[in-house]
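Working notes, beginning with the structure itself.
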Amino acid sequence: MGREARAHAEWKGQSAEVKAIAEATEVILRGAIKARIPRNAITAICQENGLLTINVGAEQLSLDLGVTEAAKWHRLLETPPPSLAAKLGISPEKPAYLLGKTDDPALAEALADAQTDDQAAATVVISVIGTDEDLSQTVKIVRQNPRTAVWCVYPKGKAASPGDTAIRREMRQAGLRDNKSCAVSERLTATRYALPAEPIRPA
């Protein structure tokens, strides 16, 4: 989980109030100072009296968060973010069936030791969607195996076609509901679809 906070920031000679956001892969500054700092570019972190200092190579970001919030940010940023495979819930013991092809290095790495060619043995389907035909094939697989969750992987941004709205509409018409999402890479995002949980019936 990420964190958000209002803070006074100092970054590259600028000093202003910002909205600071810590996400799985980056720290984002919004407001008078705008920046996106990859977490893997952070070389050191320290906090003192509510001031969080983040070293990014030769640069230094200072965030005045207050004692309690600075301690939480410190712990969060020192904890390695989960791998993409972990976010997708796949592993050698929980393999995925890949529908379509990918040239995305991040997704290929996640699938390297967590992929099966046997759809019946897969714990989840990962469908790479770049065209309407890809989406149609995904829906076909869903209708054949409605109890297998599906990660739909597709380009980010409003220009993507089919995009988030079209994919959600088709998957919901097939009876599945979106219940999780994650970034795959700078170019791709993913949304997980599965059958809705059955309501608990009174005894």
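Nothing in this text is a laboratory measurement; each read-out follows from the coordinates by a stated rule. This is a predicted model, so every value here is computed, not measured. Because the Cβ atoms are built from the backbone with ideal geometry, glycine has one as well, and the counts that use them run over all protein chains shown.
Observations on the model:
- Between Asp118 and Glu133, the contour length at 0.36 nm per residue exceeds the alpha carbon distance by 3.2 nm.
- Spatial separation of Cα centroids for the stretch 159-173 and the stretch 7-21, in angstrom: 37
- Within the stretch 1-105, trypsin sites (Lys or Arg not before Pro) in DSSP loop having at most 13 other beta-carbon neighbours inside 10 Å: Lys12, Lys34, Lys101
- Rounded to the nearest Hz, the phi-derived 3J(HN,Hα) couplings of the stretch 26-33 under the Karplus curve 6.51 cos²θ - 1.76 cosθ + 1.60 (θ = phi - 60°) are 7, 10, 10, 10, 10, x, 5, 10, where x marks glycine and proline.
- Range of Cα positions in the chain per principal axis (Å), largest first: 57, 49, 33
- Around the Cα centre of the stretch 1-101, unit charges on the Cβ atoms of Lys, Arg, Asp and Glu (plus for the first two, minus for the last two) sum to a dipole of about 440 debye.
- When Rg and Dmax are taken over the Cα atoms of the stretch 136-190, they come to 11.2, 32 Å.
- Between the helical axis of 132-144 and the longest alpha-carbon principal axis of the chain there is an angle of about 60 degrees.
- Computed over every Cα-Cα pair of the stretch 1-92 and binned at 5 Å starting from 0, the pair-distance distribution P(r) comes out as 3, 14, 26, 27, 16, 6, 5, 3, 1, 0 percent.
- For the stretch 39-84, the calculated P(r), taken from all Cα-Cα distances in 5 Å bins from zero up to the bin holding the longest distance, is 5, 23, 30, 22, 14, 5, 1 percent.
- Selection from Leu88, Val67, Ala149, by position along the positive dipole direction of the chain (Cβ): Ala149
- Over the stretch 84-194: Kirkwood hydrodynamic radius from C-alpha pairwise inverse distances, Å: 13.7
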